[in-house]
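**Student:** This is the structure, below, for whatever I ask next.
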């Protein structure tokens, strides 16, 4: 079965959580490494998905808030630098649709989660390094969603509002956009770059 390597600049783990009872605060992690074993011609045979997110890479567009999220009240990135997902079962539930069950490790706690994933297709396209085209690569894409209760992972900081309610909601909605390159193409490109 083919292995696909997540393309670092084209992978995003986005999240949204209720803020001040009236809106959603959104953020993203971009520094993600991982792989997926997947045969586009036999999608039901998909076996393993693994991803590691550097927690310190959280970005919400507000430096002060990001520093708070990295600290002990939330992600505690000094103690728990990585967020890790490893699949335990992948089931094909429709044409291009999957249920991906796995273990999510966040802030020292590992719990099962299920992602609803959709295969977006396979494409042959160039790989650019600066202004140099290093040749064609085969790419695949997925989008997946899930929701977690942040308290299940020990992320429980909150503050009450004057008229009731809390500053931060309990449920965190997660959307993962995956763009991955065929491992053999990544190895070829790495060889070209080493030869420079």
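**Student:** Pull up region 21-41, narrow it to residues that are assigned to a loop (DSSP other than H, G, I, E, B) and surrounded by 13 or more Cβ atoms within 10 Å (Cβ to Cβ), then point me to the one that is modelled with the highest pLDDT.
**Tutor:** Top of the filtered list is 38.
**Student:** Related question: Which strands (runs of 3 or more DSSP E) sit wholly inside region 42-154 and have at least 2 residues that are surrounded by fewer than 18 Cβ atoms within 10 Å (Cβ to Cβ) and more than 13 Å from the chain's Cα centre (by Cα)?
**Tutor:** Here the list reads 82-94, 97-106, 109-129, 132-149.
**Student:** I've got another one for you. Given 183, 179, which one is farther than 27 Å from residue 71 by Cβ, in contact with a helix residue (DSSP H, G or I) (Cβ under 7 Å, 6 or more places away or on another chain) and in contact (Cβ under 8 Å) with a residue 12 or more places away in the chain?
**Tutor:** 179
**Student:** Where the second residue is surrounded by 13 or more Cβ atoms within 10 Å (Cβ to Cβ) and at pLDDT 80 or above and the first is over 20 Å from residue 6 (Cβ atoms) and lies in region 38-52, which pairs have Cβ atoms under 6 Å and are six or more apart or on separate chains?
**Tutor:** That search, which allows pairs on different chains as well, returns 44/92.
**Student:** Within region 1-20, count every residue that is in contact with a helix residue (DSSP H, G or I) (Cβ under 9 Å, 6 or more places away or on another chain), assigned to a loop (DSSP other than H, G, I, E, B) and surrounded by 17 or more Cβ atoms within 10 Å (Cβ to Cβ).
**Tutor:** Final tally of qualifying residues: 1.
The values are calculated or read from the model by the stated rules, or taken from the named source; none is laboratory data. All values reported here derive from a predicted model rather than from experimental measurement. Note that each Cβ is placed from the backbone with ideal geometry, even for glycine, and that neighbours are counted across all protein chains shown.
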